[in-house]
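Read through the structure below, which is laid out as structure tokens, and then see the notes.
The values are calculated or read from the model by the stated rules, or taken from the named source; none is laboratory data. Everything quoted here is computed from the prediction, not taken from an experiment. Backbone-built Cβ (ideal geometry, glycine too); neighbour counts: all protein chains shown.
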Amino acid sequence: MVRNQIGVQRKLAGSQFGRVWRSLAFRGRREAPRPNYATPSFARYPDPAVIFIFWGKQTEDWYGYGQASYTFKLGVPERTAAVLEGGVPKNDLTILEREITKCRKCSRLVAYCEEVARTKRRAYRDWTYWGKPVPAFGDPEAGLVIIGLAPAAHGANRTGRMFTGDRSGDFLYEQLYRAGFANQPQSKRADDGLVLKGALISAAIRCAPPANKPLPEEIRNCLPYLERELDLIRPRAILALGGIALNTYLDLLKQKGLIRSRAPYRFAHGASFALPGDLPRLFAAYHPSQQNTQTGRLTPAMFARVLRQIRKFLEMRGGAREAIAIQKPRRFR
Ligand code: SF4
């Protein structure tokens, strides 16, 4: 029986199917294992049942090549429709996503993400961690861009999608769903069918930092990605989740000479600022981290209130939008 099995495997490896499988299995993987030609072919190419298990793992890995590319492979609707048909230059977005996922500018963060992906959390030991920078997720035609802080080590760094697979994401996507920005309230893994409409989620930095604390130079390294993303998306509103996200965006504006100082735009939950010129309106909210949501500092009602405010703003006609003065932060508790 063993001889028979080996014979079948040898035939498969040498056949057209074997060639196609080899080319697909190793396609585009930078760290793809090179076939070891010292190993007999039947050991290199296992039996068909194993091939299908292995195939599942490969598709999970493919999320690694930016959302645009994996949506082409897996047919995830989010990027595909927008990148192919939308007004946003598809090549620029795709190029940006790929650049981000391949970035290694911050050696400390790259090493940390890879280490977390290698060691894993016990509950996720069956996962193939993403372990790389995470690109933005959402609608390229979005009116609202949400800027978070950074991917979570066992959240987006595991799943490869912003705010996916952790408690902060559960909170955020539930609220986005209720406000009509998402098609479902859950966000468990990158192929769960979640689609954002009118919103895109980005972050101040794209690699998970140790203890959730990025260094100032790491934020500076990552800033050009946010700048290019905003130039491509051209949103009408920005929601900064937490003080670091707000200051990162303001630093970007300051660097470009669009504002003189960050001082007039102090962070407070529920604050909303009209920025000079035709810059998007800036909203601020507490980050939906467990630290905030479990202590009651941020409640679903507080966050929903901010999203309603944004929705109202996006639905206003241009003239009315411009007429709004700087609003004072409001207390919701
Ligand atoms: S944080 Fe940003 S700049 Fe630094 S390595 Fe990750 S993607 Fe690159």
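Structure summary
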{"item": "Residue match in region 226-244 (condition: more than 29 Å from R262 (Cα to Cα) and more than 14 Å from the ligand (Cβ to nearest atom))", "result": "no"}
{"item": "Check on P140, within 13 Å of the chain's Cα centre (by Cα) and at pLDDT below 95", "result": "yes"}
{"item": "Residue match in region 199-206 (condition: of a type outside the set (F, W, Y) and away from the ligand (no atom under 16 Å from the Cβ))", "result": "yes"}
{"item": "Counted residues, region 243-281 - those being polar (S, T, N, Q), surrounded by fewer than 15 Cβ atoms within 10 Å (Cβ to Cβ) and either outside the structural domain of E315 (by TED's automatic domain parsing) or part of a helix (DSSP H, G or I) (or both)", "result": "1"}
{"item": "Test: residue in region 189-212 that is over 12 Å from the mean Cα position of the chain (by Cα), part of a helix (DSSP H, G or I) and not small (G, A, S)", "result": "yes"}
{"item": "Where G160 falls short, out of the listed (1) more than 20 Å from S289 (Cα to Cα); (2) more than 12 Å from the ligand (Cβ to nearest atom)", "result": "(1)"}
{"item": "Scope region 171-187; condition assigned to a loop (DSSP other than H, G, I, E, B) and surrounded by fewer than 16 Cβ atoms within 10 Å (Cβ to Cβ); matching residues", "result": "G180, N183, Q184, P185, Q186"}
{"item": "Test: residue in region 251-261 that is touching a Leu at 6+ places or on another chain (Cβ under 7 Å) and under 18 Å from L307 (Cβ atoms)", "result": "no"}
{"item": "Within region 133-164, tally of residues that are over 9 Å from S202 (Cβ atoms) and not in a strand (DSSP E or B)", "result": "22"}
{"item": "From the options A284, A240, residue that is in a strand (DSSP E or B) and free of Cβ contacts under 8 Å to residues at least 60 places away in the same chain", "result": "A284"}
{"item": "Failed item in (1) within 16 Å of the chain's Cα centre (by Cα); (2) farther than 20 Å from G242 by Cα, with V145 passing the rest", "result": "(2)"}
